[in-house]
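Below is one structure; the comments refer to it alone.
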Amino acid sequence: MTHHKAVWAGGHDHITITIADMKLIFFWLSPLIILGFALTLPTQTPDSLHLVLPGDTWTALSYQYGLPVESLQAANYHPNRHRQPAIGSTAVIPGAGAAQMGTLTRPYGSLLATAVRHNRPLWQIARQNGVASPYLPLLYRPIFIPGGTAPPRDLPAGMAWLEVSQAVAHPGQALGLRGMVQEEEAITTVLAGNEMDSFINGRYFLALTGTGAFWGSGQPELAIRINDQPLWTQPWQFNDPNLWEYQQLTLTGAAADIDQAAIEVERERLLALWEQNTPLPQWSGPFQIPLTTYLEISSPFGARRAYNGGPYRTYHEGVDYSAYGGTPVHASAAGTVVIAEQLYVRGGAVIIDHGLGIYTGFYHMSEVLVAPGDNVQAGQLIGAVGTTGLSTGNHLHWDLLVDGIWVDAQAWQEQGMACWILAGWGSSCPAVDDG
């Protein structure tokens, strides 16, 4: 067997290395060679995720992360390239570095007024935004002004900030927008074609609505227009967890002979009432559960209902509390009584207007202890539990409507919506509503 040798001569020394020696040396050095090669490769910043909030348009995210709009849209593909990222969704930010803070504005006139408002040199803003002539009208072109502690948001023209009551909305719950306008102006707010109840208190802005329990998942369009400014739109993410209770109800005897015409007359009368909204909040703290004692929640809001083996075409529009007859019923919050009478479906009924298009209803009571026009305080006695109207046993049906739409009163409580709205009105919210 022939052994090949490599001979190295340096000075007076001779070193003989066999091929086997060279293979061994390469075996031990190869990891270091590979590591050194890897270290010379350019590092790639991993993608990050961004929870989309109102005003996080592709333009705003482009300024915030220093990335072209095209790169952001490629990482978040949608067939409609004009569609903005949905509020509550998660956007992929490819290779994002540190976020850049600043203000994004869309002036109609020249850049001069913007420079004065933000106390910045005119030509500096012009150079940063590629504006050749700062004295010509900008016609709502986006202008980015770096600095500050907040990320840029692409909001409706004339609005300083805007937020939603929940980033990811759920069917059957109350929804709200609150923000600050630069001056008191007329505002129209529309969600999926339904105009929300909108209110202005000085520079404070509020818009309120609800969604039915059959709303489902999706990304409906939210649209806002201030006076004659351009229409602002952004989708809003809705997720239905589909945790609804399903109830099969059997009606027999007199219960099966319900006067459907009387039901519709009562419903239409009340819907007309619930569509009205008084422009001021009458409550001053969290809403309270109307019973201090009860046996159980016998039927939650949104429970799907089928009658006599039919399909699930309806859902429960309130919360039913099973309780002993005569149990005191209290007002959930301060407001004005607008209904206090016996109704065909709802029996002994009290409906209270709390302002801003928010109503609570208390039904099937054996006693009604208030009258229309009464101003009631939170916790005030208004009636007693009974089984009047279309009822099969002693219980209190408690419902809550916003913008003429039934919403889950339990979710309203858990989310602290009463205080969230008051904060958006510019008011404080003590722990207990004292009216």
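Readers should treat all values here as calculations from the given coordinates under stated rules, not as data from a laboratory. Note that the structure is predicted; figures quoted are calculated from it, not measured. Cβ sites come from the backbone with ideal geometry, for glycine too, and all protein chains shown count toward neighbours.
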key: Compactness of the range 361-407, expressed as Rg and Dmax over alpha-carbon positions, Å   = 12.0, 31
inquiry  = Based on alpha-carbon atoms only, what is the radius of gyration of the range 231-307 relative to the globular estimate 2.2 N^0.38 Å?
reply    = 1.65
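What whole-number value in cubic angstrom gives the convex hull volume per residue for the C-alpha atoms of the range 51-146? Don't jump to the answer; show the numbers that get you there.
Values: hull volume 10.5 nm³, N = 96.
Value for the range 51-146: 109 Å³ per residue.
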inquiry  = Cut-off is 10 Å between beta-carbons; in what order do Tyr324, Tyr294, Tyr63 appear when sorted fewest neighbours first?
reply    = Tyr324, Tyr294, Tyr63
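Which value, in debye to the nearest 20, describes the size of the charge dipole of the range 246-425 about its Cα centre when Lys and Arg Cβ atoms bear +1, Asp and Glu Cβ atoms bear -1, and nothing else is charged? Could the numbers behind the result be given before it?
Working: 6 positive and 17 negative charges, 47 e Å.
It comes to approximately 220 debye.
Quote to one decimal, in nm, the extra length available between Ala75 and Thr314 on full extension: 0.36 nm per residue of separation minus the C-alpha distance between them. Before the final figure, lay out the partial values.
On the way: separation 239, 0.36 × 239 = 86.04 nm, distance 4.10 nm.
Here the segment from Ala75 to Thr314 would lengthen by 81.9 nm.
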ask   = What span do the alpha-carbon atoms of the chain cover on each of the three principal axes, reported in whole Å from largest to smallest?
value = 118, 73, 40
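Starting from 0.36 nm per residue, how many nanometres of slack lie between Trp161 and Val116 once their C-alpha separation is accounted for? If you can, show how the numbers build up before the last one.
Details: separation 45, 0.36 × 45 = 16.20 nm, distance 1.97 nm.
Separation in residues times 0.36 nm, less the Cα-Cα distance, equals 14.2 nm.
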note = Inter-part gap, Cα centre of the range 335-366 to Cα centre of the range 159-223, in whole angstrom, is 26
message = Just want the answer: with Cβ charges of +1 for Lys and Arg and -1 for Asp and Glu, which residue in Ser322, Trp420, Val370 is farthest toward the dipole's positive end in the range 289-427?
response = Ser322
Amide proton proximity set for Arg346, modelled H, under 5 Å, gap of 5+ = Leu390
The range 159-235: radius of gyration and largest Cα-Cα distance (Dmax), Å = 12.4, 38
remark   = Toy charge model, Lys and Arg Cβ at +1, Asp and Glu Cβ at -1: the chain dipole around Cα centroid in debye, rounded to 20, equals 2020
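Kindly put Ile263, Ile351, Ile405 in sequence by how many other C-beta atoms sit within 10 Å of each C-beta, fewest to most. Don't skip to the answer; put the middle values down first.
Details: Ile263 13, Ile351 24, Ile405 21.
Sorted ascending by nearby Cβ count, the order is Ile263, Ile405, Ile351.
Within a 10 angstrom radius of the beta carbon, how do Trp236, Trp425 rank from fewest other beta carbons to most? Show your work: numbers first, answer last.
Details: Trp236 24, Trp425 20.
Going from sparsest to densest Cβ surroundings: Trp425, Trp236.
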task = Calculate, for Ile258 and Phe214, the FRET efficiency according to 1/(1 + (r/R0)^6) with r their C-beta to C-beta distance and R0 25 Å; round to the nearest 0.05.
result = 0.70
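Find how much the distance from Glu183 to Leu369 grows on full extension, using 0.36 nm per residue of separation minus their present alpha carbon separation; answer in nm with one decimal. Present the calculation step by step, with values, prior to reporting the outcome.
On the way: separation 186, 0.36 × 186 = 66.96 nm, distance 4.43 nm.
Value of the extension gain: 62.5 nm.
If you take the beta carbon distance between Leu381 and Ile297 as r and set R0 to 22 Å, what does 1/(1 + (r/R0)^6) give as a FRET efficiency, to the nearest 0.05?
Working: r = 22 Å, r/R0 = 0.99.
The calculated FRET efficiency here is 0.50.
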Signed unit charges on C-beta, dipole axis of the range 296-368, positive-most listed residue Tyr312, Val337, Ile297 = Tyr312
